Ligand code: ADE
Ligand code: ZN
């Protein structure tokens, strides 16, 4: 089974590119940009990755972004992840970035976009991989701050496929971002949002009913609400579940307690993803192997998860067919 999972063609739909910043790269970019990190070396930094909840992770994650300054930094970050994807047979990826985490440090939208789209283009040629870029708004900040980021992204609107919503979920329901999501509509983008990671099932309803999202990022708390489960099944609303992330952030104490197998067996459109692999202990294959060890899925279930991810992707129809 391990061989089967390692070789399986994969699609990743829930990945924060800033969350692929490995401690070693953080130190090399810090040196390149003359930034002093509050840790002596990458090993000590990695040992600090002990999280009690989402917020304790986000504090370190935003601190880590401080080393990203130039378009070359964004390019190198993304290319390292794309190279990893090639090694793990990830053939299509839709990656999120958090522009507000960079704009507030004086890094321009052009800097980020040149680096990220340059790497996406090169990965297409080098590896034959297809990709999409999701501009994610930080829900702990006011909506106007997000709208400012969207205005700055307008010249790049055709290089972005979707708007997303991430950061601290509790107390920040998705409905607060209605205007921002409407601007994304005008740009012709799809809509996704983190909901039901730490927050209640009602946030998933709100993301669907008020934000009209096409996919729910995480969504595991849906199992608290049977009507919601029925809805998600009926309309095959994809859930981009991130198993290792959920354990590292305390959503589940153990992967054996995770509800993803139950959701899959109930017929929901579950997909498996790595979220912030540099912080949570593994990329796609590591997530899949950990799930297999804890929940013992069948080959048919793995093929179903892959097929769900292809269907849930924003890839053009011809590309979806080629991935099948
Ligand atoms: N930003 C990066 N990773 C995140 C996660 N797992 N939840 C919410 N916001 C995030
Ligand atoms: Zn996420």
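Quick note: the coordinates plus some simple rules give every number you see, no bench work behind them. Worth saying up front: this structure is predicted, and the values here are computed from it rather than measured. Neighbour counts are summed over all protein chains in view; Cβ atoms, including those assigned to glycine, are modelled from backbone coordinates with ideal geometry.
Taking residue 244 as the residue in question, decide whether it is closer than 21 Å to residue 301 by Cβ, buried (at least 20 other Cβ atoms within 10 Å of the Cβ) and in contact with a strand residue (DSSP E or B) (Cβ under 7 Å, 6 or more places away or on another chain). Answer is no for this residue.
In segment 225-265, counting only helices (runs of 4 or more DSSP H) that sit wholly within it, the ones holding 3 or more residues that are within 13 Å of ligand 1 (Cβ to nearest atom) span 243-248. The requirement of being surrounded by 21 or more Cβ atoms within 10 Å (Cβ to Cβ) and within 16 Å of ligand 1 (Cβ to nearest atom) is not satisfied by residue 200. Restricted to segment 1-100, the set of helices (runs of 4 or more DSSP H) holding at least 2 residues that are within 16 Å of ligand 2 (Cβ to nearest atom) and surrounded by fewer than 20 Cβ atoms within 10 Å (Cβ to Cβ) comprises 54-64. If you check 139, 221, 178 for being more than 16 Å from ligand 2 (Cβ to nearest atom), more than 16 Å from residue 94 (Cβ to Cβ) and without any contact (Cβ under 8 Å) to a residue 60 or more places away in the chain, only one passes: 178. Within segment 184-196, the presence of at least one residue that is over 22 Å from residue 101 (Cβ atoms), within 16 Å of ligand 2 (Cβ to nearest atom), touching a strand residue (DSSP E or B) at 6+ places or on another chain (Cβ under 9 Å) and in a loop (DSSP other than H, G, I, E, B) is confirmed. Report, by residue number, each residue of segment 270-322 that is more than 16 Å from ligand 1 (Cβ to nearest atom), in contact with a strand residue (DSSP E or B) (Cβ under 9 Å, 6 or more places away or on another chain), within 26 Å of residue 253 (Cβ to Cβ) and outside any helix (DSSP H, G or I). Within segment 270-322, 270 is the sole residue that qualifies. Taking the conditions exactly as written (within 13 Å of ligand 1 (Cβ to nearest atom), closer than 21 Å to residue 187 by Cα and touching a residue at least 24 places away in the same chain (Cβ under 8 Å)), does residue 133 satisfy them or not? Taking the combined requirement at face value, the residue does not satisfy it. Among the residues making up segment 43-68, a single one is more than 15 Å from ligand 1 (Cβ to nearest atom) and touching a residue at least 40 places away in the same chain (Cβ under 8 Å): 67. If I filter segment 108-127 for residues that are within 14 Å of ligand 1 (Cβ to nearest atom), under 19 Å from residue 314 (Cα atoms) and buried (at least 17 other Cβ atoms within 10 Å of the Cβ), do I get at least one hit? Within segment 108-127, not a single residue is within 14 Å of ligand 1 (Cβ to nearest atom), under 19 Å from residue 314 (Cα atoms) and buried (at least 17 other Cβ atoms within 10 Å of the Cβ).
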